[in-house]
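Could you have a look at this structure, given as structure tokens, before my questions?
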Amino acid sequence: MSLSLEFPKGPITKIKGTCLCLEGNDIDTDRIIPARFLKCVSFKSLGDQVFADDRKEKNGLHPFDIKANQEASILLVEKNFGCGSSREHAPQALMRWGIRAIIGYSFAEIFHGNCISIGIPCLTLEEYNLTCLQQITKEKAGKNCSINMRKREIVYEESKFIFSIDKGAEAMFKSGNWDATSTLISQLEKIKDIKAKIPYINNFES
């Protein structure tokens, strides 16, 4: 569990780390973070609960429990990852575990959007290239993988892969505009100025 990683902030153009393979299609958000953990009042502890039920079933052999994967920050998935409910807790849990990028064949739309909003790029590869990347990860566990968002390139040892990313998401990561809260705070004076000019929220008489 990569607790030492800082949370994403600002423009995201390069990501470097080790990979973790999670096999299986249609892995839904209820598996990523079971519903009983949604009652939390903050996201802080969700990293410990990611894939809680799957990990219990695997009895220490789940990819998120294997010792060699504990510092991984790049998650390799397959088809339709993040389907099911729209809970934002799913990407929040992955981020708090230490995941900073997800590479797969396809992603559920709402999950993809929730990842963008917290600074986790979801990158897609053709099925053959994804299989090759998974195989390299299994053979060379612990080796660093580099993601270059400007070149749309993944470099793992001597192998290179060109990924796809939604153009809107790509622009937000390159500019840093994925972080809506920071964008709002940076425009605070303009917001105050506009507020002062709106008659129906100013100068009310008591």
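Residues are listed down the side, and each one gets a yes or a no for (1) under 20 Å from residue 34 (Cβ atoms); (2) crowded, with 23+ Cβ neighbours inside 10 Å; (3) among the charged types (D, E, K, R); (4) modelled with pLDDT under 95:
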{"residue": "74", "(1), (2), (3), (4)": "no, yes, no, no"}
{"residue": "78", "(1), (2), (3), (4)": "no, no, yes, no"}
{"residue": "91", "(1), (2), (3), (4)": "yes, yes, no, no"}
{"residue": "102", "(1), (2), (3), (4)": "yes, yes, no, no"}
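Is the stretch 181-196 home to any residue that is of a type in the set (S, T, N, Q), in contact (Cβ under 8 Å) with a residue 40 or more places away in the chain and touching a Phe, Trp or Tyr at 6+ places or on another chain (Cβ under 9 Å)?
Just the residues of the stretch 181-196 that are of a type in the set (S, T, N, Q), to begin with: 181-183, 186-187.
Applying the additional criterion that residues be in contact (Cβ under 8 Å) with a residue 40 or more places away in the chain yields 182.
With the extra rule that they be touching a Phe, Trp or Tyr at 6+ places or on another chain (Cβ under 9 Å), the set shrinks to none.
Checked against the condition, which is being of a type in the set (S, T, N, Q), in contact (Cβ under 8 Å) with a residue 40 or more places away in the chain and touching a Phe, Trp or Tyr at 6+ places or on another chain (Cβ under 9 Å), the stretch 181-196 yields no hits at all.
Further, regarding this structure: Only one of (1) closer than 20 Å to residue 141 by Cβ; (2) more than 14 Å from the chain's Cα centre (by Cα) fails for residue 77. Which number is that?
Exception for residue 77: condition (2).
Give the residue, chosen from 33, 12, that is in contact (Cβ under 8 Å) with a residue 40 or more places away in the chain, in contact with a Gly (Cβ under 9 Å, 6 or more places away or on another chain) and β-branched (Val, Ile, Thr).
Testing whether each residue is in contact (Cβ under 8 Å) with a residue 40 or more places away in the chain, in contact with a Gly (Cβ under 9 Å, 6 or more places away or on another chain) and β-branched (Val, Ile, Thr) leaves just 12.
Here's something else I'd like to know. Report the residue count in the stretch 146-165 for those that are at pLDDT below 95 and either under 18 Å from residue 127 (Cα atoms) or not in a loop (DSSP other than H, G, I, E, B) (or both).
2
Among (1) out of contact with any helix residue (DSSP H, G or I) (no Cβ under 8 Å at 6 or more places or on another chain); (2) outside any strand (DSSP E or B); (3) under 22 Å from residue 29 (Cβ atoms); (4) of a type in the set (A, V, I, L, M), which single condition is residue 123 missing?
Of the numbered conditions (1) out of contact with any helix residue (DSSP H, G or I) (no Cβ under 8 Å at 6 or more places or on another chain); (2) outside any strand (DSSP E or B); (3) under 22 Å from residue 29 (Cβ atoms); (4) of a type in the set (A, V, I, L, M), the odd one out for residue 123 is (2).
Out of the stretch 53-76, which residues are part of a loop (DSSP other than H, G, I, E, B), farther than 19 Å from residue 103 by Cβ and among the acidic types (Asp, Glu)?
Result: 65, single match.
Then there's this: Give me the residue from the stretch 166-206 that is modelled with pLDDT of 80 or more and among the aromatic types (Phe, Trp, Tyr) and, out of that set, farthest from residue 122 (Cα to Cα).
178
Is it true that residue 9 is closer than 25 Å to residue 180 by Cβ and assigned to a loop (DSSP other than H, G, I, E, B)?
Numbers: closer than 25 Å to residue 180 by Cβ: yes; assigned to a loop (DSSP other than H, G, I, E, B): yes.
For residue 9, the condition - closer than 25 Å to residue 180 by Cβ and assigned to a loop (DSSP other than H, G, I, E, B) - is met.
The values are calculated or read from the model by the stated rules, or taken from the named source; none is laboratory data. Worth saying up front: this structure is predicted, and the values here are computed from it rather than measured. No Cβ is skipped: glycine too gets one built from the backbone with ideal geometry, and neighbour counts run over all protein chains shown.
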